[in-house]
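Colleague: What follows is a single structure, and I will ask about it in a moment.
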Amino acid sequence: MKAIKQNHNNLVLYRRRMGFSQKQVSHLLGQCDSSMVSHYEHSRAMPPLAVALSLEIIYRVPVAFLFPSLYDHLKLSIRSEEESLAGKGQRPLF
């Protein structure tokens, strides 16, 4: 999961599209300063689920759009595991 942390996210793009500063977003998240928003934007930290969902609400886009690399990695990994399960007597889901 560490390699995923370094991957690109779209937080800056969507924050700018909404016309918000980091300080405004941190205020909406209930944080005292904008340092964690900066950490999230520069992939130095991964937001907890509640923060990620809050960012989805603030930016009005699904979490998967905010973290496309992570989403793609998880999707490929899960689909691969599903296929291996299907090979062990399980029907494919789709």
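Colleague: Which log10 I(q)/I(0) values does the chain give at q = 0.12, 0.16, 0.23 Å⁻¹ under the Debye formula, counting every alpha carbon as one identical point scatterer?
Modeller: Relative scattering, expressed as log10 I(q)/I(0), comes to -0.45, -0.68, -1.13.
Colleague: Now for a different question. Please report the carbon-and-sulfur percent of the accessible area for the chain; probe 1.4 Å, protein heavy atoms only, DNA, RNA and ligands left out.
Modeller: That fraction is 58 percent.
Colleague: Per-residue counts of other Cβ atoms within 10 Å, averaged by peptide: what ranking do you get for 23-33, 8-18, highest first?
Modeller: Details: 23-33: 14.4, 8-18: 15.9.
Packing order, densest peptide first, comes out as 8-18, 23-33.
Colleague: Quick one: if the Förster radius is 25 Å, what FRET efficiency do S54 and R16 give, using the C-beta to C-beta distance and rounding to 0.05?
Modeller: Calculated value: 0.90.
The values are calculated or read from the model by the stated rules, or taken from the named source; none is laboratory data. All of these numbers come straight from a predicted model, not from anything done at the bench. We place every Cβ from the backbone using ideal geometry, glycine too, and count neighbours over all the protein chains shown. For accessibility, only protein heavy atoms count, side chains too; no ligands or nucleic acids. Shrake-Rupley method; radii C 1.70, N 1.55, O 1.52, S 1.80 Å.
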